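Below: the structure, in structure tokens.
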Amino acid sequence: MNKAELIIEKIKASRAVRILTHARADGDAIGSAYALARICRALGKQAAVSSDGGAPDRLKFLVEEVPTTLMAEDLVISVDVASPEQLGELKDEWVDKVDIKIDHHRISPDFGKVQWVEPTAAAAGELVFEIAKAAGVTDSVTADLLYAAITSDTGSFKYSNTSERTFGIAKELKAWGADTARISEKLFENMSVREARADGYIYSNMKFAFGGRLAYVVITKASKDALGTLDEDYGNASSLLRGIEGVELAIAAKENDDGSYKLSTRSKEQVDCAALCATLGGGGHVRAAGATVCSDDIEGLILSLGEVLA
Ligand SMILES: [Mn+2]
């Protein structure tokens, strides 16, 4: 029995399933979690999705209105959650109750009784796809959710994590009826005015070092507030900077309400972002990773990370 079949057996043996995903949920988190919820419901189970902060506005189109009250759940599945810390506010209540962990991050510390972690998967959605296929849940809504998950984490199939398997899954999702043009438009051509202002801030305040190979930006709470923008509007800051000619490593530092900083790193070809962020207690993927840090000299900290380019 493979992992997908094992998970289906556990769902079938349950009554109500609680699905957890990470704080500051992204397209993979929301798409994978709600697709998994549909699989559970198709198997006759109650299912609910929980994450710290819920779905951000730009992803609400993916979220189905379903009853949120659950009978006492007897199965807890986390999806796209690398570490207990990524559960955010949900960590204390739920981390010890996770029965099944489904993840694709390279650095993915142990939690959960059954773990299915495949770092070569471009998105958690690739693993949930295997479950959907094995369970025979191949309707167009599930296909939309999984396509949204995969196209989000691959940046529309542009990032280096995009594999032959990724394209194979995309082909099958299209055959299931995924409305790929609609999903892409909603995800990538639907920028809010706030996000546009955030992008303007990033391009206006970016700095360079190491001969232009490091690009970085510091986004303070005061500047976010002054522009009428929210934390979530800066989600692609490091991707924007990586997209600039000559940049190998891009770092965005966003100040949190408590004065700590959320670092987001992206690299093009050489720097291992997961390893870089692991030195700060964070994690992620080779080309995209993050960490939360406390520092009185955030710019100095960023420049010290840039030493990897020296
Ligand atoms: Mn993911």
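Bear in mind these aren't lab numbers, they're just calculated from the coordinates by the rules spelled out. This structure is a prediction, so every number in the text was calculated from the model and none was measured. Because the Cβ atoms are built from the backbone with ideal geometry, glycine has one as well, and the counts that use them run over all protein chains shown.
For this structure, a couple of remarks:
- In plain terms, the residue of Cys273, Cys40 with the fewest other Cβ atoms within 10 Å comes first and the most crowded comes last, giving Cys40, Cys273.
- Rounded to 5, the percent of DSSP beta bridges in the stretch 101-254 classed as antiparallel: 25 percent
- Chain lengthening between Asp74 and Glu5 when straightened (0.36 nm per residue, less Cα-Cα): 23.0 nm
- Arg165 versus Ala196: modelled label distance in nm, points set 7 Å from Cα along the beta carbon direction: 4.0 nm
- Percent antiparallel among DSSP beta bridges (both partners in the stretch 187-310, rounded to 5): 75 percent
- A helix-only calculation puts the chain at -11000 deg cm²/dmol for mean residue ellipticity at 222 nm, using -39500 (n - 2.57) for each DSSP H run of at least four residues, averaged over all residues.
- Sorting 210-222, 124-136 by average packing, meaning the other beta carbons within 10 Å per residue, from highest down gives 124-136, 210-222.
- Taking Ser156, Ser204, Ser267 as the candidate residues, the one with maximal mean-square fluctuation in a Gaussian network model of the chain, Cα springs under 10 Å, is Ser204.
- Relative contact order computed over the chain (Cα-Cα under 8 Å; 6+ residues apart), in percent: 13 percent
- Toward the positive end of the charge dipole of the stretch 3-105, with +1 on the Cβ of Lys and Arg and -1 on the Cβ of Asp and Glu, the farthest Cα among Leu90, Gly27, Val63 is that of Val63.
- Cα-based radius of gyration for the chain, normalised by 2.2 N^0.38 Å, reads 0.99.
- Prolate/oblate/rounded call for the stretch 1-129, Cα gyration tensor, a/c under 1.5 rounded: rounded
- In the stretch 257-310, the GluC sites (Glu not before Pro) that fall in loop regions by DSSP, at most 14 other Cβ within 10 Å: Glu269
- Unit charges on C-beta of K, R, D, E only; dipole of the stretch 28-103, Debye: 360 debye
- Residue-span extension gain [Glu299 to Glu93] - 0.36 nm each, minus C-alpha spacing: 70.6 nm
- When each of Lys60/Lys91; Lys10/Lys186; Lys101/Lys262; Lys60/Lys268; Lys91/Lys133; Lys158/Lys254 is checked by Cα-Cα distance, pairs over 27 Å: Lys10/Lys186; Lys60/Lys268; Lys91/Lys133
- Size of charge dipole - the chain - debye, nearest 20, with Cβ of Lys, Arg +1 and Asp, Glu -1, no other charges: 660 debye
- Dipole in debye (nearest 20) - the stretch 261-310, about Cα centre, beta carbon charges: Lys, Arg +1; Asp, Glu -1: 280 debye
- Relative frequency of Cα-Cα separations exceeding 16 Å in the stretch 172-243, percent: 57 percent
- Once both labels are positioned 7 Å from their Cα atoms along Cα-to-Cβ, the gap between Arg182 and Asp52 label points is 3.4 nm.
- Per-peptide packing, taken as the mean over residues of other Cβ atoms within 10 Å, places 108-116, 258-266 in the sequence 258-266, 108-116 from highest down.
- Note on Glu65/Asp258: beta-carbon distance plugged into 1/(1 + (r/R0)^6) with R0 of 30 Å gives a FRET efficiency of 0.35.
- Least to most buried among Thr138, Thr154 (fewest other Cβ within 10 Å first): Thr138, Thr154
- Extension gain for Glu245 to Lys113 (0.36 nm times residue separation, less C-alpha to C-alpha distance): 43.0 nm.
- Virtual spin-label span in nm between Ala275 and Ala226, 7 Å along Cα→Cβ: 3.9 nm
- Panel order for Thr180, Thr279, Thr142, Thr166, by other beta carbons found within 10 Å of each beta carbon, from fewest to most: Thr279, Thr180, Thr166, Thr142.
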